[in-house]
Amino acid sequence: MRCLSGIQPTGRPHWGNYFGAIRQYIDLQEDNEGFYFIANLHALTTVRQADALCENTINAAMDLLALGLDPKKATLFVQSQVPEVSELCWILMTGTPMGLLERCHAYKDKKAKGLAADAGLFNYPVLMAADILAYDSQLVPVGQDQIQHIEVTRDLAQAFNHHFGETFVIPKAQTLVHGAKVPGTDGEKMSKSYDNTLPLFGEVKKIRKQIMRITTDSRPMEDAKEPEGDHLFQLFQLFAKQDQIDEMAAMYRRGGFGYGEVKKAVAEASEAYFADARQRRAELESNLDYVHEVLRDGARRAREAAALVLSRAKKNCGLQESV
Ligand code: AQP
């Protein structure tokens, strides 16, 4: 199956990005054809410093490689290095109803907060549709927050196919049961813009402090607590094995424990879980030529695939290559 997904270079990746999406990329690369990209065109709507965007982009590539994305099994590339996608975006935009985009949550939420939204944010779902459709993607592994955007992709592809004839493959989203919506330190969805993230990489001591600051309820220690619905328990679940999860759930139900104990368990489990990736990340930092080579090769392969779909779309809608 052909799989595709992207991650924005808007800052350091967090547990939500990994357990919602990146872990799926790594699993899927074994038996599928994967295209994974650093979404720098999307990030340009929020990162407005050129140096920072460049640095974040290469950092995101190192993060994915360190976490286990294998360039021999999957194609890793930078979005802006495939200009075919931007051309396809325009073609899709010509048939996109305004109402469809007005209903999209990224834009709606920003408007609701009274923040200024630009055309880039408004049209974000169309560029995302182009990203997905340009590679004939069948499966899009993502977190729950992206489901609506994939529905938009499906709508746009179906409308185009209906109007101009069979052109695009209709993709499906895939989310995981544990990980579709990872909570942040305040219990809301973990998100860079809510400032409640726990990063994958960075100073261990600093991350431990952030874990110790996770908000909890103020019920007395001796009270029994329900594990389900408790965001600290949900974070523990991401790292622990089933017998450890069962043990922790029983401890919650018995009561008589402190949340500090759970936080310590989360810190230890997460440090052990990401230790190898941390080591690989340090090695990649001193091998930047390799990272650039992977991205160059990835862009070449991605362009080849996207050019085929763009040419099909242009032919079908009457934009002949030669007249
Ligand atoms: N909390 C989350 N739980 C599960 N999955 C998540 N994803 C993001 N947050 C969670 C998934 O990570 C992938 C990459 O997403 P992105 O690069 O678009 O990152 P993002 O959504 O911009 O991350 P943030 O932190 O939420 O940034 P802002 O605040 O800018 O929106 C996607 O598959 C996403 O579903």
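All of the numbers you see were taken from the coordinates with simple rules; none came from a lab. Here the structure is a predicted model, which means the values were calculated and not measured. All Cβ positions, glycine included, derive from the backbone under ideal geometry; neighbour counts span all protein chains shown.
Counting only residues at least eight positions apart within a chain, or on another chain, the aspartates and glutamates with an alpha carbon under 12 Å from that of LYS314 are GLU84, GLU87. Counting charges near PRO199 (Lys, Arg +1; Asp, Glu -1) among other residues having Cβ under 13 Å from its Cβ returns a value of +4. Exposure proxy for LEU176, LEU238, LEU133, LEU4: other Cβ atoms within 10 Å of each Cβ, ordered fewest to most, give LEU176, LEU238, LEU4, LEU133. Each residue of the range 269-281 was assigned a 3J(HN,Hα) from its phi angle through the Karplus expression (A = 6.51, B = -1.76, C = 1.60, θ = phi - 60°), giving 5, 6, 5, 5, 4, 9, 4, 5, 4, 4, 5, 5, 4 Hz with x at Gly and Pro. What percent does the relative contact order of the range 1-79 come to when contacts are Cα pairs within less than 8 Å and at least six residues apart? About 43 percent, as a whole number. Which whole-number percent is the relative contact order of the chain (Cα, under 8 Å, 6+ apart)? It rounds to 23 percent for the chain. Residues ASP70, ASP243, arranged from fewest to most other Cβ atoms within 10 angstrom of their Cβ, appear as ASP243, ASP70. All Cα-Cα separations within the chain were binned at 20 Å from zero, giving a P(r) of 30, 54, 15, 1, each value a whole percent of the pairs. Centroid-to-centroid, using Cα positions, the range 182-206 and the range 266-323 are 25 Å apart.
Sorted into 10 angstrom bins from 0, the C-alpha pair distances of the range 137-191 split as 23, 39, 22, 12, 3 percent. Among the lysines of the range 202-282, pairs that are 8 or more positions apart or on different chains and have alpha carbons within less than 22 Å of each other number 11. Cross-link partners for LYS113 among the lysines, with Cα-Cα distance under 25 Å and sequence neighbours closer than 8 places in the same chain left out: LYS181, LYS189, LYS192. For the range 98-103, the Karplus equation 6.51 cos²θ - 1.76 cosθ + 1.60, evaluated at θ = phi - 60°, returns couplings of 4, x, 4, 6, 5, 7 Hz by residue, with Gly and Pro reported as x. Once the Cα-Cα distance is subtracted from the 0.36 nm per residue extended length, the LYS111 to ALA250 segment shows a gain of 45.7 nm. Spin-label model, THR46/GLU188: points 7 Å from Cα along the beta carbon direction are separated by 1.2 nm.
Here the range 98-151 and the range 1-63 have alpha carbon centers that stand 16 Å from each other. The fewest-to-most ranking of PHE201, PHE19 by surrounding Cβ atoms within 10 Å reads PHE201, PHE19.
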